Amino acid sequence: MKRPKELPDFGDPPLDEVVLGVQFEPIPAYKSIDANAVWELFRSEFPNVEEQPPIAPVFETFGGMTPQAGFQFHFGPIPPATRLWFVSPDGSHLLQFQPDRFLLNWRKHQGITPYPRFEQVSASFLENLVRLSNHIEKEKSFKIEVNQVEISYINIITVKEFSEIGDWIAIWKALNLNIEGVNMAFPEVILDPEGRPSARLHHEITSAVTPDGSSKALRLVLTYRGKPPGRGIEEATRFMAEGRIHIVNRFAELTTEHAHRIWKRLG
């Protein structure tokens, strides 16, 4: 996969974390003991394990009065309520697994891990997802069929005061408000080439602090989520690549020319 030439690019973006993920029907007859075999698939690259609460199913649905996550009903035994993190030695990459989800995170750590770019991260995600899928099909006679895809870019923009938001976020540029904090979120419906709703791009801008706790910051999160046109892994990865294009273009549109100079926009 090559980076699209027309896509905005930055030499030093404020990117702090990227998350790529898929959701699928729960693996049948999955038990806690199966987790060890799953870990063995990734253990050489992700030797550290953490246990986290599970993520509830989320569906982007269209046509109702208000956009809401969809409900999901299952019959039979309830899968173990566990989400596992498999973490790389330097902590910059982690895989997340639960019986109905698989995600890959890249995380910036103390400025020592520059973003390896979407092409590399998505290639790693695809390789590991195929590895998991083959294992589940062999051991459980169950084929993973994706019902939702998501991709998130999480940016941390350091500021002296939150009232500087207009220097960084274009929609606030015309306002001169002495604000003490920011908490704004809104979804945008994305249409397919036939004009039908196919995904949502969720925007979230909140006041925060830098990861080291030393400075105030604006946290800008863009999340693209929806149902791919097919349930296979190939359709899911194409849908994810389209989401990346929407996120990067929207990031460039949301942020100011002043910010682009600081982040060394290329081209």
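Every number in this text was worked out from the coordinates using simple rules, so none of it is lab data. All values derive from a computational prediction rather than experimental measurement. We place every Cβ from the backbone using ideal geometry, glycine too, and count neighbours over all the protein chains shown.
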(message) For the stretch 5-22 and the stretch 216-238, what is the centre-to-centre distance using only Cα atoms, to the nearest Å?
(response) 13
(message) Under the rule of at least 5 residues apart or a separate chain, name every residue whose amide H is placed under 5 Å from the amide H of Asn147.
(response) Gln23, Phe24, Glu25
(message) For a quick check: with amide H placed at 1.01 Å from N, whose amide H comes under 5 Å from His93's, ignoring anything fewer than 5 positions away on the same chain?
(response) Ser88, Arg107
(message) Whole-Hz ³J(HN,Hα) for each residue in the stretch 38-44, computed from phi via Karplus 6.51 cos²θ - 1.76 cosθ + 1.60 with θ = phi - 60°, x for glycine and proline: what do you get?
(response) 5, 4, 4, 5, 10, 4, 5
(message) Tell me the net charge near Pro89. Cut-off is 14 Å between Cβ atoms, Pro89 excluded, with +1 for each Lys or Arg and -1 for each Asp or Glu.
(response) -1
(request) Report the far tail of the P(r) of the stretch 170-214, meaning the percent of Cα-Cα pairs longer than 12 Å. (result) 75
(request) Run the dipole for the chain about the Cα centre, Lys and Arg Cβ at +1, Asp and Glu Cβ at -1, nothing else charged, and hand back the magnitude in debye, nearest 20. (result) 240
(message) Could you compute Rg(Cα) / (2.2 N^0.38 Å) for the stretch 127-232, with N its residue count?
(response) 1.52
(request) Pop out the ³J(HN,Hα) list for the stretch 210-225 in order, Karplus 6.51 cos²θ - 1.76 cosθ + 1.60 with θ = phi - 60°, rounded to Hz; leave Gly and Pro as x. (result) 5, x, 7, x, 8, 9, 6, 7, 9, 9, 10, 10, 10, 10, 9, 9
(request) Would you please put 183-190, 136-143, 20-27, 164-171 in order of how densely packed they are, using the mean number of other Cβ atoms within 10 angstrom per residue and starting with the highest? (result) 20-27, 164-171, 136-143, 183-190
(message) Net charge within 12 Å of Ala29 by Cβ-Cβ distance, Lys/Arg positive one each and Asp/Glu negative one each, not counting Ala29 itself?
(response) 0
(request) Please provide three numbers in whole Å: the alpha-carbon extents of the chain along the principal axes, with the largest listed first. (result) 59, 44, 37
(message) Please list 3J(HN,Hα) in residue order for the stretch 231-236, calculated via the Karplus relation 6.51 cos²θ - 1.76 cosθ + 1.60 where θ = phi - 60°; whole Hz, with x for glycine and proline.
(response) 9, x, 5, 4, 5, 5
(request) Sum up the charges of everything whose Cβ sits under 13 Å from the Cβ of Ile171, counting Lys and Arg as +1 and Asp and Glu as -1, but leave Ile171 out. (result) -1
